[in-house]
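One structure is given here, and the rest of the page talks about it.
The values are calculated or read from the model by the stated rules, or taken from the named source; none is laboratory data. This is a predicted model, so every value here is computed, not measured. Please note: Cβ atoms are built from the backbone with ideal geometry, for glycine as well, and neighbour counts cover all protein chains shown. Calculation scope for accessible area: heavy atoms of the full protein, side chains included, ligands and nucleic acids excluded. Shrake-Rupley method; radii C 1.70, N 1.55, O 1.52, S 1.80 Å.
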Amino acid sequence: MTSRAFVSLIGAGPGDPGLLTLRGAQALAQADVVLFDYLANPELLRHCPQAETIYVGKKGFSEYISQEQITALVVHKAQENGGQRVARLKGGDVFVFGRGGEEAEACVEAGVPFEIVPGVTSAIAAPAYAGIPVTHREAARSFAVLTGNTKEGGAHYERLSGVDTLLLLMGVRNLGQIAADLIAAGRDPQTPAATVQWGTTPQQRVAVGTLATIADVVREAGLEAPAVTVVGEVVRLRDTLRWFDLASTRGGSLAGRTVAVTRTRDGSSGLSDLLRAGGADVLEVPLIRFAPTGDEAALHARLRDLSGVAWLLLTSNQAVTELFLHLNKLGLDARHLAGVRIAAVGPSTARSLEAQGVRADFVPSTPGARHLGAELPAAAGDVTLHLTSQLAEAELGEALAARGLGYERAELYRTEPAQPTENAMQRLKAAAAVTLASGSAARHLAALASADFDPLDLPVAAMGPQTADAAREAGFTRVTVARTASLESLVEAAGEAATLSP
Ligand code: SAH
(Lines give C-alpha, C1' and ligand atoms only; values in the text may rest on other atoms or scores of the structure.)
Protein backbone atom coordinates (compact mmCIF):
# COMPACT_ATOMS: atom_id res chain seq x y z
CA MET A 1 0.00 0.00 0.00
CA THR A 2 1.34 3.43 -0.81
CA SER A 3 1.49 5.87 2.08
CA ARG A 4 -0.95 8.75 2.25
CA ALA A 5 1.84 10.97 3.60
CA PHE A 6 1.71 14.31 1.84
CA VAL A 7 2.36 17.91 2.77
CA SER A 8 0.66 20.96 1.23
CA LEU A 9 2.51 24.14 2.06
CA ILE A 10 -0.26 26.67 1.62
CA GLY A 11 -0.13 30.43 1.47
CA ALA A 12 -3.11 31.54 3.58
CA GLY A 13 -3.12 35.05 2.16
CA PRO A 14 -2.70 38.25 4.13
CA GLY A 15 -5.70 38.07 6.46
CA ASP A 16 -8.94 38.62 4.54
CA PRO A 17 -10.28 35.03 4.39
CA GLY A 18 -11.54 35.68 0.86
CA LEU A 19 -7.95 35.89 -0.33
CA LEU A 20 -7.20 32.19 0.07
CA THR A 21 -6.74 30.50 -3.32
CA LEU A 22 -9.17 27.85 -4.58
CA ARG A 23 -6.30 25.37 -4.60
CA GLY A 24 -5.59 26.24 -0.97
CA ALA A 25 -9.23 25.66 0.04
CA GLN A 26 -9.19 22.32 -1.76
CA ALA A 27 -6.02 21.17 0.00
CA LEU A 28 -7.53 22.17 3.37
CA ALA A 29 -10.67 20.17 2.63
CA GLN A 30 -8.55 17.07 1.98
CA ALA A 31 -6.29 17.41 5.01
CA ASP A 32 -6.09 15.06 7.99
CA VAL A 33 -4.04 17.56 9.97
CA VAL A 34 -3.76 21.33 9.64
CA LEU A 35 -0.93 23.35 11.16
CA PHE A 36 -1.63 27.07 11.10
CA ASP A 37 0.35 30.03 12.29
CA TYR A 38 -0.23 33.42 13.85
CA LEU A 39 -0.73 35.33 10.62
CA ALA A 40 -3.04 32.76 8.99
CA ASN A 41 -6.61 33.82 9.73
CA PRO A 42 -8.12 31.06 11.95
CA GLU A 43 -11.38 31.57 10.11
CA LEU A 44 -9.86 29.61 7.24
CA LEU A 45 -10.22 26.51 9.38
CA ARG A 46 -13.83 26.32 8.34
CA HIS A 47 -12.54 24.80 5.10
CA CYS A 48 -11.33 21.78 7.09
CA PRO A 49 -13.89 20.79 9.74
CA GLN A 50 -12.71 17.18 9.32
CA ALA A 51 -9.09 17.83 10.25
CA GLU A 52 -7.09 17.85 13.44
CA THR A 53 -5.93 21.47 13.81
CA ILE A 54 -2.75 22.55 15.53
CA TYR A 55 -1.83 26.15 16.24
CA VAL A 56 1.89 26.64 15.75
CA GLY A 57 2.01 30.43 15.89
CA LYS A 58 4.96 31.98 17.61
CA LYS A 59 2.68 34.60 19.12
CA GLY A 60 -0.71 34.46 20.73
CA PHE A 61 -2.23 31.72 22.74
CA SER A 62 0.32 28.93 22.69
CA GLU A 63 3.68 28.32 24.24
CA TYR A 64 6.64 29.47 22.22
CA ILE A 65 7.44 26.98 19.51
CA SER A 66 10.59 27.29 17.41
CA GLN A 67 10.82 27.07 13.62
CA GLU A 68 12.86 23.87 13.97
CA GLN A 69 10.11 22.32 16.08
CA ILE A 70 7.44 23.36 13.57
CA THR A 71 9.42 21.93 10.67
CA ALA A 72 9.88 18.66 12.55
CA LEU A 73 6.19 18.58 13.42
CA VAL A 74 5.13 19.03 9.78
CA VAL A 75 7.16 15.97 8.78
CA HIS A 76 6.18 13.98 11.87
CA LYS A 77 2.46 14.57 11.31
CA ALA A 78 2.78 13.49 7.68
CA GLN A 79 4.39 10.21 8.74
CA GLU A 80 2.13 9.52 11.73
CA ASN A 81 -0.60 6.86 11.57
CA GLY A 82 0.94 5.23 8.53
CA GLY A 83 0.83 8.46 6.51
CA GLN A 84 -1.44 11.51 6.63
CA ARG A 85 -2.24 14.55 4.52
CA VAL A 86 -0.87 17.63 6.23
CA ALA A 87 -1.90 21.15 5.31
CA ARG A 88 0.55 23.75 6.54
CA LEU A 89 -1.14 27.16 6.46
CA LYS A 90 1.31 30.04 6.39
CA GLY A 91 0.44 33.73 6.40
CA GLY A 92 0.69 35.50 3.03
CA ASP A 93 2.78 33.60 0.52
CA VAL A 94 4.70 30.45 1.41
CA PHE A 95 8.06 31.62 0.13
CA VAL A 96 8.04 35.31 1.04
CA PHE A 97 9.95 35.42 4.34
CA GLY A 98 7.83 32.58 5.62
CA ARG A 99 10.67 30.08 6.03
CA GLY A 100 8.59 27.89 3.74
CA GLY A 101 11.75 26.88 1.91
CA GLU A 102 13.04 25.20 5.06
CA GLU A 103 9.81 23.28 5.56
CA ALA A 104 9.91 22.08 1.94
CA GLU A 105 13.56 21.04 2.34
CA ALA A 106 12.66 19.02 5.42
CA CYS A 107 10.02 17.18 3.37
CA VAL A 108 12.59 16.38 0.70
CA GLU A 109 15.01 15.09 3.31
CA ALA A 110 12.36 12.89 4.91
CA GLY A 111 11.15 11.63 1.54
CA VAL A 112 7.66 13.06 2.08
CA PRO A 113 6.01 14.26 -1.15
CA PHE A 114 4.78 17.84 -1.02
CA GLU A 115 3.26 20.67 -2.99
CA ILE A 116 3.48 24.44 -2.78
CA VAL A 117 0.26 26.43 -2.97
CA PRO A 118 1.37 30.04 -3.40
CA GLY A 119 -0.60 32.69 -1.56
CA VAL A 120 -1.38 36.37 -1.84
CA THR A 121 1.51 38.06 -0.11
CA SER A 122 0.93 40.85 2.41
CA ALA A 123 3.80 42.71 0.73
CA ILE A 124 1.48 43.54 -2.16
CA ALA A 125 -1.98 43.02 -0.66
CA ALA A 126 -1.62 45.24 2.43
CA PRO A 127 -0.61 48.26 0.30
CA ALA A 128 -3.39 47.39 -2.19
CA TYR A 129 -6.01 47.46 0.58
CA ALA A 130 -4.57 50.82 1.61
CA GLY A 131 -5.11 52.10 -1.93
CA ILE A 132 -1.41 51.93 -2.85
CA PRO A 133 -0.42 50.08 -6.04
CA VAL A 134 3.16 48.81 -5.85
CA THR A 135 3.79 49.75 -9.47
CA HIS A 136 2.19 52.43 -11.62
CA ARG A 137 3.00 53.59 -15.11
CA GLU A 138 3.82 57.09 -13.95
CA ALA A 139 5.16 56.49 -10.49
CA ALA A 140 7.02 53.17 -10.30
CA ARG A 141 8.30 50.47 -12.64
CA SER A 142 9.92 48.18 -10.13
CA PHE A 143 9.57 47.12 -6.53
CA ALA A 144 11.58 45.18 -3.99
CA VAL A 145 10.42 43.32 -0.92
CA LEU A 146 12.81 43.48 2.00
CA THR A 147 12.93 42.42 5.60
CA GLY A 148 13.58 44.81 8.44
CA ASN A 149 14.73 41.91 10.50
CA THR A 150 18.33 41.96 9.36
CA LYS A 151 21.59 43.26 10.71
CA GLU A 152 22.99 44.08 7.27
CA GLY A 153 21.74 47.65 7.22
CA GLY A 154 23.08 50.37 4.93
CA ALA A 155 25.37 48.41 2.61
CA HIS A 156 22.46 46.22 1.65
CA TYR A 157 20.26 49.23 0.86
CA GLU A 158 22.70 50.81 -1.57
CA ARG A 159 22.11 47.89 -3.92
CA LEU A 160 18.44 48.90 -3.99
CA SER A 161 19.08 52.42 -5.22
CA GLY A 162 17.56 51.80 -8.67
CA VAL A 163 14.35 50.24 -7.31
CA ASP A 164 11.30 52.56 -7.33
CA THR A 165 9.08 51.07 -4.60
CA LEU A 166 10.37 49.46 -1.43
CA LEU A 167 8.14 47.12 0.57
CA LEU A 168 9.39 46.52 4.06
CA LEU A 169 8.20 43.54 6.09
CA MET A 170 8.93 42.84 9.74
CA GLY A 171 10.23 46.36 10.06
CA VAL A 172 8.09 48.26 12.56
CA ARG A 173 10.42 47.94 15.50
CA ASN A 174 13.53 49.03 13.58
CA LEU A 175 11.72 51.53 11.38
CA GLY A 176 13.71 54.57 12.60
CA GLN A 177 17.05 52.88 11.94
CA ILE A 178 15.97 51.47 8.59
CA ALA A 179 14.71 54.86 7.37
CA ALA A 180 17.95 56.48 8.45
CA ASP A 181 19.97 53.78 6.63
CA LEU A 182 17.92 54.24 3.47
CA ILE A 183 18.50 57.99 3.57
CA ALA A 184 22.21 57.42 4.17
CA ALA A 185 22.19 55.07 1.17
CA GLY A 186 20.94 57.93 -0.99
CA ARG A 187 17.13 57.78 -0.89
CA ASP A 188 15.40 61.17 -0.71
CA PRO A 189 14.11 61.88 2.83
CA GLN A 190 11.02 63.47 1.26
CA THR A 191 9.98 60.18 -0.41
CA PRO A 192 6.39 59.43 0.62
CA ALA A 193 6.03 56.45 2.97
CA ALA A 194 3.09 54.58 4.52
CA THR A 195 2.79 51.83 7.08
CA VAL A 196 -0.16 49.43 6.91
CA GLN A 197 -0.92 47.40 10.03
CA TRP A 198 -3.12 44.26 9.85
CA GLY A 199 -3.69 44.95 6.16
CA THR A 200 -6.80 43.44 4.50
CA THR A 201 -8.44 42.77 7.88
CA PRO A 202 -11.10 44.82 9.70
CA GLN A 203 -8.31 46.04 12.01
CA GLN A 204 -6.39 47.60 9.15
CA ARG A 205 -4.76 50.90 10.12
CA VAL A 206 -2.59 53.11 8.00
CA ALA A 207 -0.14 55.86 8.85
CA VAL A 208 1.31 58.11 6.14
CA GLY A 209 4.41 60.30 6.20
CA THR A 210 7.74 60.61 4.44
CA LEU A 211 10.85 58.53 4.76
CA ALA A 212 12.11 61.16 7.22
CA THR A 213 8.98 61.17 9.39
CA ILE A 214 7.41 57.72 9.03
CA ALA A 215 8.99 56.21 12.15
CA ASP A 216 7.62 59.03 14.34
CA VAL A 217 4.23 58.99 12.64
CA VAL A 218 3.95 55.25 13.20
CA ARG A 219 4.96 55.53 16.83
CA GLU A 220 2.48 58.36 17.47
CA ALA A 221 -0.32 56.40 15.81
CA GLY A 222 0.58 53.39 17.95
CA LEU A 223 0.97 51.02 15.00
CA GLU A 224 2.79 47.78 15.65
CA ALA A 225 3.53 44.50 13.92
CA PRO A 226 2.32 42.99 11.72
CA ALA A 227 2.77 45.82 9.29
CA VAL A 228 4.10 46.53 5.83
CA THR A 229 5.83 49.83 5.12
CA VAL A 230 5.78 51.18 1.57
CA VAL A 231 8.38 53.69 0.50
CA GLY A 232 7.96 55.38 -2.86
CA GLU A 233 6.01 57.85 -4.97
CA VAL A 234 3.15 55.35 -5.30
CA VAL A 235 2.12 56.20 -1.71
CA ARG A 236 0.60 59.45 -3.03
CA LEU A 237 -1.97 57.44 -4.96
CA ARG A 238 -3.69 56.59 -1.68
CA ASP A 239 -5.26 60.05 -1.76
CA THR A 240 -7.30 59.00 -4.79
CA LEU A 241 -7.41 55.22 -4.51
CA ARG A 242 -8.20 54.76 -0.85
CA TRP A 243 -11.11 52.32 -0.63
CA PHE A 244 -11.02 49.59 1.98
CA ASP A 245 -10.38 51.47 5.21
CA LEU A 246 -12.94 54.17 4.41
CA ALA A 247 -15.85 52.47 6.15
CA SER A 248 -14.08 52.08 9.46
CA THR A 249 -13.06 55.75 9.62
CA ARG A 250 -16.74 56.62 9.21
CA GLY A 251 -17.25 54.69 12.44
CA GLY A 252 -19.88 52.10 11.63
CA SER A 253 -20.88 50.37 14.85
CA LEU A 254 -19.40 47.04 13.73
CA ALA A 255 -16.22 48.41 12.21
CA GLY A 256 -13.20 46.62 13.59
CA ARG A 257 -15.22 44.72 16.18
CA THR A 258 -15.46 40.99 16.56
CA VAL A 259 -18.87 39.48 15.90
CA ALA A 260 -19.21 35.77 16.60
CA VAL A 261 -21.55 33.87 14.29
CA THR A 262 -22.79 30.72 15.98
CA ARG A 263 -23.72 27.90 13.70
CA THR A 264 -25.75 24.85 14.57
CA ARG A 265 -26.03 23.48 11.09
CA ASP A 266 -24.12 23.61 7.86
CA GLY A 267 -25.65 26.85 6.67
CA SER A 268 -24.72 29.50 4.20
CA SER A 269 -21.90 31.85 5.03
CA GLY A 270 -24.10 34.70 3.77
CA LEU A 271 -24.37 36.17 7.25
CA SER A 272 -20.60 36.25 7.71
CA ASP A 273 -20.17 37.96 4.35
CA LEU A 274 -22.70 40.66 5.24
CA LEU A 275 -21.08 41.26 8.61
CA ARG A 276 -17.69 41.55 6.96
CA ALA A 277 -19.09 44.03 4.47
CA GLY A 278 -20.12 46.08 7.52
CA GLY A 279 -16.50 46.07 8.66
CA ALA A 280 -16.84 43.41 11.34
CA ASP A 281 -14.18 40.88 12.19
CA VAL A 282 -16.17 37.67 11.92
CA LEU A 283 -15.57 34.63 14.11
CA GLU A 284 -17.52 31.57 13.06
CA VAL A 285 -18.24 29.24 15.96
CA PRO A 286 -19.68 25.85 15.09
CA LEU A 287 -21.64 24.76 18.16
CA ILE A 288 -22.58 21.29 17.07
CA ARG A 289 -20.99 18.44 15.23
CA PHE A 290 -22.52 15.45 13.55
CA ALA A 291 -21.90 11.91 14.75
CA PRO A 292 -23.07 8.51 13.46
CA THR A 293 -26.37 7.14 14.68
CA GLY A 294 -26.20 5.17 17.92
CA ASP A 295 -28.15 2.25 16.48
CA GLU A 296 -27.05 1.52 12.97
CA ALA A 297 -28.70 -1.90 12.90
CA ALA A 298 -32.12 -0.38 13.60
CA LEU A 299 -31.60 2.32 11.01
CA HIS A 300 -30.51 -0.15 8.35
CA ALA A 301 -33.49 -2.39 9.10
CA ARG A 302 -35.77 0.62 8.67
CA LEU A 303 -34.13 1.73 5.43
CA ARG A 304 -33.94 -1.71 3.86
CA ASP A 305 -37.70 -2.10 3.71
CA LEU A 306 -39.58 1.09 2.95
CA SER A 307 -42.82 -0.60 1.89
CA GLY A 308 -45.80 1.12 3.48
CA VAL A 309 -43.98 4.47 3.69
CA ALA A 310 -45.62 7.12 1.51
CA TRP A 311 -43.28 10.04 2.25
CA LEU A 312 -39.69 10.41 3.37
CA LEU A 313 -39.14 13.70 5.20
CA LEU A 314 -35.69 15.27 5.08
CA THR A 315 -35.15 18.37 7.18
CA SER A 316 -31.43 19.16 6.76
CA ASN A 317 -28.56 18.89 4.33
CA GLN A 318 -26.89 16.54 6.77
CA ALA A 319 -29.87 14.20 6.55
CA VAL A 320 -29.44 13.98 2.79
CA THR A 321 -25.74 13.25 3.12
CA GLU A 322 -26.34 10.57 5.74
CA LEU A 323 -29.21 8.95 3.86
CA PHE A 324 -27.05 8.29 0.83
CA LEU A 325 -24.12 7.24 2.98
CA HIS A 326 -26.26 4.55 4.59
CA LEU A 327 -27.87 3.43 1.34
CA ASN A 328 -24.37 3.02 0.03
CA LYS A 329 -23.36 0.99 3.08
CA LEU A 330 -26.33 -1.26 2.40
CA GLY A 331 -25.19 -1.75 -1.17
CA LEU A 332 -28.16 0.28 -2.40
CA ASP A 333 -28.53 3.51 -4.36
CA ALA A 334 -31.11 6.14 -5.29
CA ARG A 335 -33.25 3.55 -7.10
CA HIS A 336 -34.16 2.12 -3.71
CA LEU A 337 -36.20 5.29 -3.12
CA ALA A 338 -38.19 4.89 -6.33
CA GLY A 339 -41.36 3.84 -4.53
CA VAL A 340 -41.55 6.65 -1.97
CA ARG A 341 -42.11 10.34 -2.31
CA ILE A 342 -39.58 12.70 -0.80
CA ALA A 343 -40.14 16.06 0.88
CA ALA A 344 -37.39 18.57 1.65
CA VAL A 345 -37.74 21.19 4.39
CA GLY A 346 -36.43 24.01 2.20
CA PRO A 347 -34.56 24.87 -1.01
CA SER A 348 -31.13 24.18 0.44
CA THR A 349 -32.04 20.62 1.39
CA ALA A 350 -33.73 20.21 -2.00
CA ARG A 351 -30.48 21.25 -3.69
CA SER A 352 -28.53 18.66 -1.70
CA LEU A 353 -31.00 16.05 -2.91
CA GLU A 354 -30.60 17.20 -6.48
CA ALA A 355 -26.85 16.82 -6.12
CA GLN A 356 -27.58 13.14 -5.40
CA GLY A 357 -29.68 12.89 -8.54
CA VAL A 358 -33.03 13.00 -6.76
CA ARG A 359 -35.64 15.69 -7.24
CA ALA A 360 -37.76 16.51 -4.16
CA ASP A 361 -41.46 15.83 -4.68
CA PHE A 362 -42.35 18.62 -2.30
CA VAL A 363 -40.77 21.72 -0.73
CA PRO A 364 -42.96 24.01 1.46
CA SER A 365 -43.55 27.61 0.37
CA THR A 366 -41.69 28.86 3.46
CA PRO A 367 -38.76 26.77 4.69
CA GLY A 368 -39.28 25.19 8.10
CA ALA A 369 -40.57 22.09 9.85
CA ARG A 370 -43.85 23.76 10.81
CA HIS A 371 -44.66 24.70 7.23
CA LEU A 372 -43.63 21.30 5.96
CA GLY A 373 -46.02 19.69 8.45
CA ALA A 374 -48.90 21.97 7.51
CA GLU A 375 -48.46 21.87 3.73
CA LEU A 376 -47.28 18.35 2.93
CA PRO A 377 -49.67 17.11 0.19
CA ALA A 378 -50.23 13.72 1.82
CA ALA A 379 -53.44 11.70 1.64
CA ALA A 380 -55.36 10.57 4.74
CA GLY A 381 -53.75 7.49 6.23
CA ASP A 382 -50.37 8.05 4.56
CA VAL A 383 -47.38 7.08 6.67
CA THR A 384 -44.50 9.54 6.77
CA LEU A 385 -40.96 8.65 7.81
CA HIS A 386 -38.79 11.46 9.18
CA LEU A 387 -35.09 10.62 8.85
CA THR A 388 -33.36 12.94 11.26
CA SER A 389 -31.10 13.39 14.26
CA GLN A 390 -31.98 12.52 17.83
CA LEU A 391 -32.56 16.24 18.46
CA ALA A 392 -35.33 16.77 15.92
CA GLU A 393 -37.92 19.12 17.33
CA ALA A 394 -41.42 17.82 17.88
CA GLU A 395 -43.17 20.40 15.64
CA LEU A 396 -43.17 18.39 12.45
CA GLY A 397 -44.62 15.23 13.99
CA GLU A 398 -47.23 17.25 15.88
CA ALA A 399 -48.35 19.12 12.78
CA LEU A 400 -48.72 15.89 10.82
CA ALA A 401 -50.47 14.04 13.64
CA ALA A 402 -52.94 16.92 13.93
CA ARG A 403 -53.84 16.25 10.29
CA GLY A 404 -54.39 12.56 10.99
CA LEU A 405 -51.25 11.43 9.19
CA GLY A 406 -48.96 8.69 10.41
CA TYR A 407 -45.57 9.91 11.60
CA GLU A 408 -42.57 7.75 12.26
CA ARG A 409 -39.07 8.91 13.08
CA ALA A 410 -35.74 7.16 12.60
CA GLU A 411 -32.40 8.30 13.99
CA LEU A 412 -30.26 8.83 10.93
CA TYR A 413 -27.39 10.60 12.70
CA ARG A 414 -26.67 12.32 15.98
CA THR A 415 -26.11 15.96 16.76
CA GLU A 416 -23.60 16.60 19.51
CA PRO A 417 -22.14 19.71 21.10
CA ALA A 418 -18.84 20.82 19.57
CA GLN A 419 -16.12 22.39 21.67
CA PRO A 420 -14.62 25.42 19.91
CA THR A 421 -10.84 25.50 19.63
CA GLU A 422 -8.88 27.30 22.33
CA ASN A 423 -8.14 30.04 19.84
CA ALA A 424 -11.82 30.48 18.98
CA MET A 425 -12.72 30.53 22.68
CA GLN A 426 -10.29 33.39 23.32
CA ARG A 427 -11.80 35.42 20.51
CA LEU A 428 -15.35 34.53 21.55
CA LYS A 429 -14.68 35.89 25.04
CA ALA A 430 -13.75 39.22 23.48
CA ALA A 431 -16.61 39.35 20.97
CA ALA A 432 -18.64 42.58 20.84
CA ALA A 433 -21.74 40.62 19.82
CA VAL A 434 -22.84 37.09 19.05
CA THR A 435 -25.50 36.20 16.49
CA LEU A 436 -28.01 33.44 17.26
CA ALA A 437 -30.03 31.95 14.43
CA SER A 438 -32.00 29.49 16.54
CA GLY A 439 -33.01 28.56 20.05
CA SER A 440 -30.69 25.61 20.00
CA ALA A 441 -27.78 27.93 19.17
CA ALA A 442 -28.64 29.90 22.32
CA ARG A 443 -28.70 26.75 24.45
CA HIS A 444 -25.45 25.39 22.99
CA LEU A 445 -23.74 28.75 23.51
CA ALA A 446 -24.90 28.89 27.13
CA ALA A 447 -23.50 25.39 27.60
CA LEU A 448 -19.97 26.62 26.87
CA ALA A 449 -19.87 28.13 30.36
CA SER A 450 -16.72 27.35 32.33
CA ALA A 451 -14.95 28.57 35.46
CA ASP A 452 -13.43 31.55 33.65
CA PHE A 453 -16.07 32.25 31.03
CA ASP A 454 -19.73 33.08 31.31
CA PRO A 455 -21.29 33.20 27.85
CA LEU A 456 -24.44 34.72 29.37
CA ASP A 457 -22.53 38.01 29.70
CA LEU A 458 -22.22 38.33 25.93
CA PRO A 459 -24.56 40.67 24.04
CA VAL A 460 -26.49 38.53 21.58
CA ALA A 461 -28.48 39.32 18.43
CA ALA A 462 -31.36 36.94 17.82
CA MET A 463 -32.83 36.08 14.42
CA GLY A 464 -36.44 36.50 15.61
CA PRO A 465 -38.73 36.70 18.63
CA GLN A 466 -38.77 32.91 19.16
CA THR A 467 -34.99 32.74 19.20
CA ALA A 468 -34.88 35.78 21.50
CA ASP A 469 -37.27 34.07 23.93
CA ALA A 470 -35.15 30.92 23.86
CA ALA A 471 -32.06 33.04 24.53
CA ARG A 472 -33.67 34.74 27.54
CA GLU A 473 -34.83 31.38 28.81
CA ALA A 474 -31.25 30.11 28.52
CA GLY A 475 -30.20 33.03 30.73
CA PHE A 476 -28.95 35.68 28.30
CA THR A 477 -29.86 39.18 29.44
CA ARG A 478 -28.42 41.41 26.73
CA VAL A 479 -30.64 40.31 23.85
CA THR A 480 -31.30 42.34 20.71
CA VAL A 481 -33.88 41.07 18.22
CA ALA A 482 -33.73 41.39 14.44
CA ARG A 483 -36.69 43.42 13.18
CA THR A 484 -37.45 41.00 10.34
CA ALA A 485 -36.33 37.42 9.72
CA SER A 486 -33.63 38.46 7.25
CA LEU A 487 -29.86 38.34 7.39
CA GLU A 488 -29.73 42.12 6.85
CA SER A 489 -31.85 42.68 9.94
CA LEU A 490 -29.71 40.29 11.92
CA VAL A 491 -26.61 42.27 10.95
CA GLU A 492 -28.36 45.45 12.09
CA ALA A 493 -29.29 43.77 15.38
CA ALA A 494 -25.66 42.69 15.82
CA GLY A 495 -24.65 46.34 15.39
CA GLU A 496 -27.10 47.35 18.12
CA ALA A 497 -25.95 44.51 20.36
CA ALA A 498 -22.34 45.62 19.90
CA THR A 499 -23.15 49.07 21.27
CA LEU A 500 -24.12 47.31 24.51
CA SER A 501 -20.61 46.00 24.93
CA PRO A 502 -17.75 48.13 26.23
N1 SAH B 1 4.84 35.11 4.09
C2 SAH B 1 4.27 36.33 4.56
C3 SAH B 1 5.27 37.18 5.30
C4 SAH B 1 5.77 36.54 6.56
S5 SAH B 1 6.86 37.57 7.47
C6 SAH B 1 3.65 37.09 3.39
O7 SAH B 1 3.87 36.72 2.22
O8 SAH B 1 2.89 38.02 3.62
C9 SAH B 1 5.74 38.35 8.58
C10 SAH B 1 5.54 39.79 8.18
O11 SAH B 1 4.57 39.87 7.15
C12 SAH B 1 4.97 40.67 9.26
O13 SAH B 1 5.97 41.10 10.16
C14 SAH B 1 4.44 41.82 8.45
O15 SAH B 1 5.48 42.66 8.02
C16 SAH B 1 3.92 41.10 7.23
N17 SAH B 1 2.49 40.85 7.30
C18 SAH B 1 1.86 39.67 7.27
N19 SAH B 1 0.51 39.83 7.28
C20 SAH B 1 0.29 41.16 7.31
C21 SAH B 1 -0.87 41.97 7.31
N22 SAH B 1 -2.10 41.44 7.31
N23 SAH B 1 -0.71 43.32 7.32
C24 SAH B 1 0.51 43.86 7.32
N25 SAH B 1 1.63 43.14 7.32
C26 SAH B 1 1.54 41.81 7.31
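Data overview
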{"quantity": "Those residues of the range 293-326 which are assigned to a helix (DSSP H, G or I), surrounded by 15 or more Cβ atoms within 10 Å (Cβ to Cβ) and out of contact with any Leu (no Cβ under 7 Å at 6 or more places or on another chain), in sequence order", "calculated": "Arg302, Asn317, Gln318, Thr321, Phe324"}
{"quantity": "Residue identified as modelled with pLDDT of 95 or more and either more than 29 Å from Glu102 (Cβ to Cβ) or touching a strand residue (DSSP E or B) at 6+ places or on another chain (Cβ under 8 Å) (or both) among Leu223, Leu169, Leu146", "calculated": "Leu169"}
{"quantity": "Test: residue in the range 43-53 that is more than 23 Å from Pro286 (Cβ to Cβ) and without any contact (Cβ under 8 Å) to a residue 40 or more places away in the chain", "calculated": "no"}
{"quantity": "Residue satisfying condition, being closer than 22 Å to Pro347 by Cα and of a type in the set (Gly, Ala, Ser), within set Ala277, Ala297, Ala334", "calculated": "Ala334"}
{"quantity": "Residues that are under 18 Å from Leu271 (Cβ atoms) and open to solvent by 60 Å² or more (accessible area, probe 1.4 Å), drawn from the range 476-486", "calculated": "Arg483, Thr484, Ala485"}
{"quantity": "Residue among Glu411, Glu398, Glu422 that alone is open to solvent by 60 Å² or more (accessible area, probe 1.4 Å), at pLDDT 90 or above and of a type in the set (D, E, K, R)", "calculated": "Glu398"}
{"quantity": "Considering residues of the range 46-61 that are open to solvent by less than 40 Å² (accessible area, probe 1.4 Å) and in contact with a helix residue (DSSP H, G or I) (Cβ under 8 Å, 6 or more places away or on another chain) only, the residue nearest to Gly199 (Cα to Cα)", "calculated": "Val56"}
{"quantity": "Matching option when the condition is in the same structural domain as Leu20 (by TED's automatic domain parsing), open to solvent by less than 50 Å² (accessible area, probe 1.4 Å) and closer than 24 Å to Gln69 by Cβ, among Gly111, Gly101", "calculated": "Gly101"}
{"quantity": "Of all residues making up the range 433-445, the number that are open to solvent by 20 Å² or more (accessible area, probe 1.4 Å) and either within 15 Å of Gly475 (Cβ to Cβ) or in a helix (DSSP H, G or I) (or both)", "calculated": "3"}
{"quantity": "Verdict on Ala87 being assigned to a helix (DSSP H, G or I) and either modelled with pLDDT under 95 or at negative phi (or both)", "calculated": "no"}
{"quantity": "Residue check, Ile116 open to solvent by 50 Å² or more (accessible area, probe 1.4 Å), within 16 Å of the ligand (Cβ to nearest atom), part of a helix (DSSP H, G or I) and modelled with pLDDT of 95 or more", "calculated": "no"}
{"quantity": "Answer residue from the range 78-98, given it is open to solvent by 60 Å² or more (accessible area, probe 1.4 Å) and within 15 Å of Gly13 (Cα to Cα) and is farthest from the ligand (Cβ to nearest atom) among those", "calculated": "Phe95"}
{"quantity": "Qualifying residue in the range 203-214 (condition: in contact (Cβ under 8 Å) with a residue 60 or more places away in the chain, in the same structural domain as Val145 (by TED's automatic domain parsing), farther than 30 Å from Ala12 by Cβ and over 32 Å from the mean Cα position of the chain (by Cα))", "calculated": "no"}
{"quantity": "Residue ID - farthest from Pro42 (Cα to Cα), chosen from residues in the range 383-395 that are β-branched (Val, Ile, Thr) and open to solvent by less than 20 Å² (accessible area, probe 1.4 Å)", "calculated": "Thr384"}
{"quantity": "Failed item, numbered, when Leu490 is tested on (1) crowded, with 22+ Cβ neighbours inside 10 Å; (2) in a loop (DSSP other than H, G, I, E, B)", "calculated": "(2)"}
{"quantity": "Selection within the range 447-472 - over 21 Å from Ala418 (Cα atoms) and open to solvent by 20 Å² or more (accessible area, probe 1.4 Å)", "calculated": "Met463, Pro465, Gln466, Asp469, Arg472"}
